[in-house]
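Each value in this text was obtained by applying a stated rule to the coordinates, not by laboratory testing. Every value quoted in this text rests on a predicted model; they were computed, and no experiment measured them. Neighbour counts are summed over all protein chains in view; Cβ atoms, including those assigned to glycine, are modelled from backbone coordinates with ideal geometry.
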Amino acid sequence: MYRVIACDLDGTLLRDDKTISPETAEILEEINRKGVLFLPSTGRTHRELPEALRGQPFVNYALCCNGGTIYDYIQDRYIFEDAIPYQLALEVLRFIQHLPVFETVVINGERIVKGDENDEICEYIKKVAVKGLQFNFQGAHDVAEAFAKRHRDAQKMLLYLAEGADRQQVMDAISQRFPELLISSSGPLFIEVNIKGVDKGKALKRFCQLMDIPIEESIAFGDAENDISMLDAAGLAVVMENGTPETRKHADLICPSNMNDGVRKTIEEIWK
């Protein structure tokens, strides 16, 4: 029987309004009482779980930053972290200042984002960023300079593509200049930057090791390309009906969409 459920959030567990149904919350709490660990698996930081999940009794851990961290909410600490070294991160931030992107860097779960001359979050980011995350944003006119003052490793970077920019060209430019980085995308306007080797699949394997649970006893739910490594690692790979064509190729099972409670319905089928 499965003992871990690793579940992407946006486009998977969450409906388009960033909520979950009462029935979904109920089934997740029910299987948690049976000893099944529910692991939100997201590009968000541990501070940015949506309101629908914050404080829920079935959320004791989270796989965050696309696999760059695993956070233990019970002990209030990271139990796994694979960050971009400080000096490398600083070089990247300086390099991308010349690319058509609005940069964001994550330090200890907090985001420094591109700001205007008054360090207010720039209007473009306010427009395209998930509104529920903006409480965790700190604007900076010069993100590289603000990051340098912190002098800490970067857990990840999220780049917002400027209007009209070619996403693949930007990703290729960063990859060619920094081959030690992993460049991926979770949406048409978003470019994710992690240290190479970081992905949700590696983090899921690490979590199962820490919990002394065979990886075969895990289920993964996802919808986008940044979920593929997690789907490939898990004992059962479930892709949403709304998943991308490439992601669907990695599915053992296609379930109803995020708007139709696909995660809940699949869990009910497995545990009925």
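A few remarks follow.
- The value given for region 114-190 is a Kirkwood hydrodynamic radius of 14.0 Å, derived from the mean inverse Cα-Cα separation.
- Theoretical ellipticity at 222 nm over the chain - DSSP helices of four or more residues, -39500 (n - 2.57) apiece, nearest 500: -8000 deg cm²/dmol
- In plain terms, the residue of F58, F38 with the fewest other Cβ atoms within 10 Å comes first and the most crowded comes last, giving F58, F38.
- Note on R33, R15: ascending count of other Cβ atoms within 10 Å places them as R33, R15, the fewest first.
- Mean Cα-pair separation over length for the chain, i.e. relative contact order, pairs under 8 Å, 6 or more apart, %: 20 percent
- Gaussian network model of the chain, Cα within-10 Å springs - most flexible of A251, A165, A224: A165
- Packing here is the average count of other Cβ atoms within 10 Å per residue, and on that basis the peptides 44-55, 115-126, 229-240, 207-218, highest first, run 229-240, 44-55, 207-218, 115-126.
- Pairs of Cα atoms nearer than 8 Å and 6+ residues apart set the relative contact order; for region 103-143 it is 50 percent.
- Residues L99, L182 arranged by fewest to most Cβ contacts within 10 Å: L99, L182
- Protection proxy ranking of 189-197, 103-111 - average other beta-carbon atoms within 10 Å, highest first: 103-111, 189-197
- Phi-based couplings in Hz for region 217-225 (Karplus 6.51, -1.76, 1.60; Gly and Pro marked x): 9, 10, 10, 10, 10, x, 9, 10, 4
- Across region 189-230 the C-alpha pair distances fall into 10 Å bins from zero in the proportions 25, 49, 23, 3 percent.
- For the chain, the orientation-averaged shadow of the C-alpha convex hull comes to 13.5 nm² (one quarter of the hull surface).
- Among Q155, Q169, Q97: highest mean-square fluctuation, GNM of the chain, C-alpha pairs under 10 Å: Q169
- Each Cα pair under 8 Å and six or more residues apart adds its separation to the average, and for region 86-195 the resulting relative contact order is 28 percent.
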